[in-house]
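The values are calculated or read from the model by the stated rules, or taken from the named source; none is laboratory data. Bear in mind the structure is a predicted one, so any value in this text is a computation, not a measurement. Reconstructed Cβ throughout: ideal geometry from the backbone, glycine too, with neighbour counts over all protein chains shown.
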């Protein structure tokens, strides 16, 4: 399955980058629990691994391996979801103005 949701966001590209590249912020906006993350300060870097708890009570394990991090424009992840589902995710953030950007998840 291939999907490519895109939306214009009323926030600067740097703010959106912060939300997707900071493990704590990523856990908050995905409504999950950060179980394990890199020991260095944000942002995420290639080679980092996050483990999140998702679903009711954070019971489901979601592992994210960072393949590429090109601030503030592109974040590429391999996401291992429950039941053997793997998502090769690329997040592209394109500034449209000083206060808005387009974010594409695919």
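Taken together, the criteria exclude residue 2 from residues that are in a helix (DSSP H, G or I) and at pLDDT below 95. On inspection, residue 27 does not qualify as surrounded by 14 or more Cβ atoms within 10 Å (Cβ to Cβ) and more than 12 Å from the chain's Cα centre (by Cα).
Select from the stretch 52-66 the residues that are under 17 Å from the mean Cα position of the chain (by Cα) and crowded, with 16+ Cβ neighbours inside 10 Å and list them in ascending order. 52, 53, 54, 62, 63, 64, 66 - these are the residues of the stretch 52-66 that are under 17 Å from the mean Cα position of the chain (by Cα) and crowded, with 16+ Cβ neighbours inside 10 Å.
Among residues of the stretch 15-42 that are in contact (Cβ under 8 Å) with a residue 40 or more places away in the chain, those with a Cβ under 9 angstrom from a residue that is in a helix (DSSP H, G or I) and buried (at least 19 other Cβ atoms within 10 Å of the Cβ), sequence gap 6+ or separate chain, pair up as 20/26.
Of the strands (runs of 3 or more DSSP E) contained entirely in the stretch 25-106, those carrying at least 1 residues that are closer than 24 Å to residue 8 by Cα, in contact with a strand residue (DSSP E or B) (Cβ under 9 Å, 6 or more places away or on another chain) and modelled with pLDDT of 95 or more fall at 60-70, 74-80, 86-97, 100-105.
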